[in-house]
Amino acid sequence: MSPIDVEEDTAVISAHWREESYIRPAAQFIAQANLTDPGVFERFSEKNFPECFREYGAMLDWDQPWHTMLDSSNPPFFKWFVGGKLNACHNCVDRNLQKHRNKTAFYFVPEPEGEPVVSLTYQQLHRRVNEMAAMLREFCGLKRGDRVTLHLPMTLELPVTMLACARLGVIHSQVFSGFSASACAHRIADSGSRVLITMDAYYRGGKLLDHKRKADTTALESDKTGVKVEKVLVWRRRPGEYHSEAPMVAGRDFFVDEALAGCKRREVAPEIMDANDTLFLMYTSGTTGKPKAAQHSTGGYLAYVAGTSKYIEDLHPEDVYWCMADIGWITGHSYIVYGPLAVAATSVIYEGVPNFPDAGRPWRIAEALGVNIFHTSPTAIRALRRAGSDIPLQYNYHFKHMTTVGEPIEPSTWRWYWEVIGKREAVIVDTWWQTETGGHLCSTVPGIHLMKPGANGPGLPGIYPTIYDENGHELPPGSHTAGNICIRNPWPGRMLTIWGDDERFVKTYYARYSKPGSKDWRDWPYFAGDGALRAEDGYIRILGRIDDVINVAGHRLGTKELEAACLTVPEVAEAAVVPVPDDIKGALPEVYASLHPGVAAGEALAEKICSAIVEQIGAIARPRGIWLVPDLPKTRSGKIMRRVLTAISCGHDAGDVTTLANPEIVEELRALVRNKTAGGR
Ligand code: WT7
């Protein structure tokens, strides 16, 4: 899509947008909220920037205080809390021992309902993290600055491993467990990890899935790229039992529980890290090429997620908070692990799918554990809604606060969330942010603002959003025109760079609207890649990605990645992937593939393309449809017109196609899609 096409599309959406009326948060919520003083926006206003972020920095323990709040001498490589030293694990674990030693840090809820919930206190977490850190240091020889790839499911072992890495200053890179072996191998090679930490199996949808199998392919594929996986550490879902068909490879594979045996009761002093040392890598999809790793800092990141956990998630130490995201995504890193522990909350980790064994499961968990703060995505809300409004009503749970994140939420879905799940008692925050941003950017502050269904809200304290048109002109609030949302200022949670690719970092997020050569941060707005509108009241409404990224159930998939997977099938000559709206998941990918001359289209070939995508990326990328076509619509310069394909998939008017090099193909494809023929599925 060219920027011009996009601009037309987003502007059309804006014309149909009706402003919703405000809803007031419950007085009971406001009475206990962490932040109710509107003066916070004055404190965090531009005239107090960047010193205002002292308030977030002060939420942490520092081994050495910072001397410079923001170093902006080399834009856009901004540094926060310069000179400050700290350890993230100490801040999330050790320092909570004093007041909260016997308080639950994590509840682990296994998917099988008969298996008991595990409560891990801060004291127990401290013990487990220390032993793991000792093992990583002594058995694996890992030290400060090394990278380690984790491919772990939603069990306690995941945060224990992350925090053990953080304790040593080892950079963790957790890959979502649903991602394929190939996807994991790419991330190992890119990050240069020598150690892979995985698990034998985990429960999902009622089945015990063999996960260790993936590790063998991962190691093989990574070896081929020249990055050798020296050790594969295998946690066992049930210590002592092994639930995988894959054999343990002698000299390479080790059971974590056995390796830990020599580390019982060991304590490891937290490594004192610089504020701008890297805490972790998180891979995400972009417009071009392979997924890139957002490289997050120790001080700025932790301060920002602590601050937003306190003010936006409104977490208190006495709350029981459940975020249904997977820790394999940034949401889980920031708002299941680091943020909640930094403010000494109790965080719930649920292993499986929300509707197992039935759609009442989330509400049984909430009721049993006394969950009072709930966090999920529009996709999950839509699925729960489809299961029936009567189900949540059967359970006696009460939420005071709920979050929605990951994709735009329609006002009707928002209202259902508020009325049925939240019982009109819970305040809702619709938090807009990204893997790259570390924490929330736009949202209402729940104790201050009125809610408006479908709108995210204004910029957070210290975040100054703006919306530019294609030419870099600011679109004023209330102009009813969509544009590209940018953040005018740097903030502590923003990634340091893209791992190993500073150039791509600058190009992707700053090339569009910045003034190269300028040393003033005001000339370096952060370009998020989302289309957005700003209403008169300053509330932002995110419309979605303007680049070649498909948002499936709140998870980013690059069309280029999907197309590259299709092209690994030898019969495929060209492939184009487009997003198609979906009632539950927001969007699903659909594939158009043209074949080499002489190759016959057929169901088997479509299946082969589908498997290539699932194997190389993961099941979340499974396309809704695959069309094997004689040709793709192209411009005279040979560019594939994905916009035309999207229109065909959705049954919309494709607009003016006379400028195409092959306009006749449009009708042909339309007929094919309508009749579901020629290898279409
Ligand atoms: C993209 C970022 C934020 C953590 C989870 C996803 C979309 C995210 C919202 C929201 C509308 C949203 C944007 C963004 N998005 N939150 N509340 N309303 N859209 O992180 O995988 O990096 O995806 O998700 O398009 O750019 P991510």
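The values are calculated or read from the model by the stated rules, or taken from the named source; none is laboratory data. Here the structure is a predicted model, which is why all the values come from computation and not from measurement. So basically every Cβ, Gly included, is an ideal-geometry build from the backbone, and we count neighbours across all protein chains shown. Keep in mind that these areas ignore ligands, DNA and RNA; they rest on the heavy atoms of the full protein, side chains included. Shrake-Rupley method; radii C 1.70, N 1.55, O 1.52, S 1.80 Å.
Quick notes on this one:
- Within the set Ser191, Ser180, the sole residue that is among the small types (Gly, Ala, Ser) and over 23 Å from Thr155 (Cα atoms) turns out to be Ser191.
- Residue within segment 316-323 that is within 12 Å of the ligand (Cβ to nearest atom) and either closer than 30 Å to Ala201 by Cβ or at pLDDT below 95 (or both) present: yes
- The residues on offer are Leu120, Leu97, Leu158, Leu163, and the sole one that is outside any strand (DSSP E or B), of a type outside the set (Val, Ile, Thr) and more than 23 Å from Thr278 (Cβ to Cβ) is Leu97.
- Condition check for Val118: of a type in the set (Val, Ile, Thr) and surrounded by 17 or more Cβ atoms within 10 Å (Cβ to Cβ): no
- Scanning segment 591-608 for residues that are surrounded by fewer than 24 Cβ atoms within 10 Å (Cβ to Cβ), under 15 Å from Leu562 (Cα atoms) and not small (Gly, Ala, Ser) turns up Glu607, Lys608.
- Looking at Asp223, Asp253, Asp200, just one residue is charged (D, E, K, R), open to solvent by less than 20 Å² (accessible area, probe 1.4 Å) and over 23 Å from Trp329 (Cβ atoms), and that residue is Asp253.
- A single member of Ile391, Ile463 is more than 12 Å from the ligand (Cβ to nearest atom) and either among the small types (Gly, Ala, Ser) or open to solvent by 30 Å² or more (accessible area, probe 1.4 Å) (or both), and it is Ile391.
- Selection status of Arg494, over 17 Å from Asn551 (Cβ atoms), buried (at least 22 other Cβ atoms within 10 Å of the Cβ), touching a Phe, Trp or Tyr at 6+ places or on another chain (Cβ under 8 Å) and not hydroxyl-bearing (Ser, Thr, Tyr): yes
- Count of residues meeting criterion [part of a helix (DSSP H, G or I), more than 25 Å from the chain's Cα centre (by Cα) and touching a residue at least 24 places away in the same chain (Cβ under 8 Å)] in segment 608-645: 5
- Matching residues, segment 428-460, being farther than 22 Å from Ile336 by Cα, within 11 Å of the ligand (Cβ to nearest atom) and buried (at least 22 other Cβ atoms within 10 Å of the Cβ): Ala455, Gly457
- Trp329 satisfies every condition listed in (1) closer than 22 Å to Ala201 by Cα; (2) in contact with a strand residue (DSSP E or B) (Cβ under 6 Å, 6 or more places away or on another chain); (3) surrounded by fewer than 24 Cβ atoms within 10 Å (Cβ to Cβ) except (2).
- Taken together, Glu410, Glu425, Glu367 contain a single residue that is within 15 Å of the ligand (Cβ to nearest atom), in contact (Cβ under 8 Å) with a residue 12 or more places away in the chain, farther than 28 Å from Gln295 by Cα and open to solvent by 30 Å² or more (accessible area, probe 1.4 Å), which is Glu410.
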